[in-house]
1. Considering every residue within the range 27-37, establish whether at least one is within 16 Å of ligand 2 (Cβ to nearest atom) and in contact with a strand residue (DSSP E or B) (Cβ under 7 Å, 6 or more places away or on another chain).
2. What residue, of G58, G41, is within 16 Å of ligand 2 (Cβ to nearest atom) and either in the same structural domain as K129 (by TED's automatic domain parsing) or on the phi > 0 side of the Ramachandran plot (or both)?
3. For E143, all conditions in the list (1) surrounded by 13 or more Cβ atoms within 10 Å (Cβ to Cβ); (2) outside any helix (DSSP H, G or I) hold save one; what is the number of the exception?
4. Looking at the structure I just gave you, is V67 without any contact (Cβ under 8 Å) to a residue 60 or more places away in the chain, under 18 Å from the mean Cα position of the chain (by Cα) and more than 16 Å from ligand 1 (Cβ to nearest atom)?
5. Tell me the residue from G130, G137 that is open to solvent by 50 Å² or more (accessible area, probe 1.4 Å), over 30 Å from P13 (Cβ atoms) and at pLDDT 95 or above, please.
6. Do any residues in the range 25-52 that are free of Cβ contacts under 8 Å to residues at least 24 places away in the same chain have Cβ atoms under 7 Å from those of residues that are open to solvent by 80 Å² or more (accessible area, probe 1.4 Å) and within 11 Å of ligand 2 (Cβ to nearest atom), where the two are at least six apart or on different chains, and which pairs are they?
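The values are calculated or read from the model by the stated rules, or taken from the named source; none is laboratory data. Here the structure is a predicted model, which means the values were calculated and not measured. FYI the Cβ positions are ideal-geometry reconstructions off the backbone, even for glycines, and counts take in every protein chain you see. Just so you know, the surface numbers come from the protein's heavy atoms only, side chains and all, with ligands and any DNA or RNA stripped out. Shrake-Rupley method; radii C 1.70, N 1.55, O 1.52, S 1.80 Å.
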Amino acid sequence: MLVQFYNVSKLYPNGVKALDDVSMQIDRGEFVFLMGSSGAGKSTLVKMIFREELPTRGQIFLASRSVVRMKRSEVPKLRRNIGIVFQDFKLLENKTVMENIAFAMEVVGARPKDIRERVPEVINMVGLKGREKSFPGQLSGGEQQRWV
Ligand SMILES: Nc1ncnc2c1ncn2[C@@H]1O[C@H](COP(=O)(O)OP(=O)(O)OP(=O)(O)O)[C@@H](O)[C@H]1O
Ligand SMILES: [Mg+2]
């Protein structure tokens with residue numbers, strides 16, 4: 001099992017109970033839809049997978065490792081291994097695919113050497129090799145969404 005939630009509850013400090021005793025498992029390669037009304041706790045659940053939020057009760061495992069007990073120093077590594085596409089993605093229309101990725105990395109303080117190495121890797125990984133110099137307007141909706 002890739003993702004395991006055991007009796008997970010989340011009570012925010014303001015007293016809102018966002019999740020109440022959630023248990024679920026997601027297998028490798030599984031395609032999962034998470035549906036629910038606004039405020040149902042979907043974002044809270046996703047945030048707990050990459051330890052943006054910690055549960056108040058329960059256990060969470062990612063590839064058999066406890067996300068809750070993980071040391072703070074291990075969190076960046078966990079996050080590098082998870083790809084999440086946010087609904088509010090922003091691409092700069094006047095920058096190419098390559099430039100958009102490089103720009104996003106510059107914003108988070110990546111070193112130029114890492115940017116040079118990583119940009120082609122990322123393009124390859126998301127299957128956009130050959131489209132490096134395309135602008136967002138020249139890509140399909142799905143192709144545009146292939147970044148985090
Ligand atoms: N940081 C926070 N502090 C306090 N309460 C929060 C916090 N984040 C979310 N909540 C509350 O927790 C509940 C679940 O919120 P969550 O963002 O997980 O819902 P959602 O299902 O993603 O909703 P939407 O469909 O609107 O994005 C809501 O009542 C929300 O107001
Ligand atoms: Mg949400």
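1. Restricting attention to the range 27-37, the residues satisfying the condition of being within 16 Å of ligand 2 (Cβ to nearest atom) are 32-37.
Applying the additional criterion that residues be in contact with a strand residue (DSSP E or B) (Cβ under 7 Å, 6 or more places away or on another chain) yields 32.
Within the range 27-37, one or more residues are within 16 Å of ligand 2 (Cβ to nearest atom) and in contact with a strand residue (DSSP E or B) (Cβ under 7 Å, 6 or more places away or on another chain).
2. Working: G58 fails: within 16 Å of ligand 2 (Cβ to nearest atom).
After applying the criteria, what remains is G41.
3. (2)
4. Values: without any contact (Cβ under 8 Å) to a residue 60 or more places away in the chain: yes; under 18 Å from the mean Cα position of the chain (by Cα): yes; more than 16 Å from ligand 1 (Cβ to nearest atom): yes.
Yes; evaluated as a whole, the condition is true for this residue.
5. Details: G137 fails: at pLDDT 95 or above.
Residue meeting the stated conditions: G130.
6. From residues that are free of Cβ contacts under 8 Å to residues at least 24 places away in the same chain, the pairs are K42/L34.
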